[in-house]
Amino acid sequence: MLQVYLVRHGETQWNAERRIQGQSDSPLTDKGEKQAWQVAERAKALGITHIISSDLGRTRRTAEIIADVCGCDIVFEPRLRELDMGVLERRHIDSLTEEEEGWRRQLVNGTDDGRIPDGESMQELSDRMHAALAACLQLPEGSRPLLVSHGMALGCLVSTILGLPAYAERRLRLRNCSISRIDYQHSPWLASGWVVETAGDVSHLDAPALDELQR
Ligand SMILES: O=C(O)[C@@H](CO)OP(=O)(O)O
């Protein structure tokens, strides 16, 4: 049974400042770097064999630290990037007007084409994340891959595996450098395909980490 580990990148400057990144970027904070070293030790203990990472700077740096500790190569995969949040990227969450808040809510209010102007829909995000995940099924027998990605992107992936629509309200908290695990199973009793084993585990971190609303 293929086990795939999912890691959200370490805390960034804009995470801490409550600014929206999307496919824009900001560097890891000192705390984010420390989180990455801690999740890397966990990854090593788990016997990770392959690291596949979003090619944005914050995931790239997190993946490099994990690769350093695990002794693996990294494959950069643009389909693991964060949701494109269009015209709201770089903005402070607290500075949005009512109209802009409405755009943000369109992502999760039950319309499958809801999007921020110039951005991407949750369904488009789900499609590319699932395509990137499906590629893991081609890895050699015995592989144990770890994907490094983002809060909205991983939240959407896990939620859709659980059977929720891509645009459903998010009920899953994914803190910086949390680990989730999904397995590909064949089961006549339960679902065949991807199942969620754990989500959002931060037991390897020695200090509280931020969730996507910076709490
Ligand atoms: O893009 C962002 O600002 C947040 C949104 O949830 O995601 P992440 O920090 O995980 O990239």
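Structure values in brief
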quantity: Selection from the stretch 196-207 of residues that are part of a loop (DSSP other than H, G, I, E, B) and within 16 Å of the ligand (Cβ to nearest atom); calculated: Val202, Leu205
quantity: Residue satisfying condition, being surrounded by 12 or more Cβ atoms within 10 Å (Cβ to Cβ) and within 12 Å of the ligand (Cβ to nearest atom), within set Arg175, Arg128; calculated: Arg175
quantity: Glu11, sole failed condition from (1) closer than 13 Å to Asn176 by Cβ; (2) out of contact with any Cys (no Cβ under 9 Å at 6 or more places or on another chain); calculated: (2)
quantity: Of the criteria (1) more than 15 Å from the ligand (Cβ to nearest atom); (2) buried (at least 17 other Cβ atoms within 10 Å of the Cβ); (3) over 26 Å from Gly47 (Cα atoms), which one Arg170 fails; calculated: (1)
quantity: Number of the condition not met by Glu64 [criteria: (1) assigned to a helix (DSSP H, G or I); (2) within 25 Å of Arg215 (Cβ to Cβ)]; calculated: (2)
quantity: Selection from the stretch 178-195 of residues that are surrounded by fewer than 16 Cβ atoms within 10 Å (Cβ to Cβ) and either basic (Lys, Arg) or assigned to a loop (DSSP other than H, G, I, E, B) (or both); calculated: His186, Ser187, Pro188, Trp189, Leu190, Ala191, Ser192
quantity: Residue tally, condition closer than 24 Å to Leu133 by Cα and either within 15 Å of the ligand (Cβ to nearest atom) or assigned to a strand (DSSP E or B) (or both), over the stretch 1-34; calculated: 15
quantity: Checklist (1) touching a strand residue (DSSP E or B) at 6+ places or on another chain (Cβ under 8 Å); (2) among the hydroxyl-bearing types (Ser, Thr, Tyr); (3) buried (at least 16 other Cβ atoms within 10 Å of the Cβ) applied to Thr160, failing item; calculated: (1)
quantity: Residue within the stretch 36-48 that is within 17 Å of the chain's Cα centre (by Cα), aromatic (Phe, Trp, Tyr) and in a helix (DSSP H, G or I) present; calculated: no
quantity: Lone unmet requirement of (1) within 16 Å of the ligand (Cβ to nearest atom); (2) among the hydrophobic types (A, V, I, L, M, F, W, C); (3) modelled with pLDDT of 95 or more; (4) surrounded by 15 or more Cβ atoms within 10 Å (Cβ to Cβ) for Val69; calculated: (1)
quantity: Gly102 being away from the ligand (no atom under 12 Å from the Cβ), farther than 18 Å from Gln214 by Cα and either surrounded by fewer than 19 Cβ atoms within 10 Å (Cβ to Cβ) or not acidic (Asp, Glu) (or both); calculated: yes
quantity: When residues of the stretch 138-157 are limited to those that are in a helix (DSSP H, G or I) and touching a strand residue (DSSP E or B) at 6+ places or on another chain (Cβ under 8 Å), the one nearest to the ligand (Cβ to nearest atom); calculated: Gly151
quantity: Residue in the stretch 116-135 that is out of contact with any strand residue (DSSP E or B) (no Cβ under 8 Å at 6 or more places or on another chain), closer than 26 Å to Ala67 by Cα, basic (Lys, Arg) and touching a residue at least 40 places away in the same chain (Cβ under 8 Å) present; calculated: yes
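The values are calculated or read from the model by the stated rules, or taken from the named source; none is laboratory data. The shown structure was predicted, so the numbers you read here are calculated from the model rather than taken from an experiment. Every residue, glycine among them, receives a Cβ derived from its backbone with ideal geometry; neighbour counts consider all protein chains shown.
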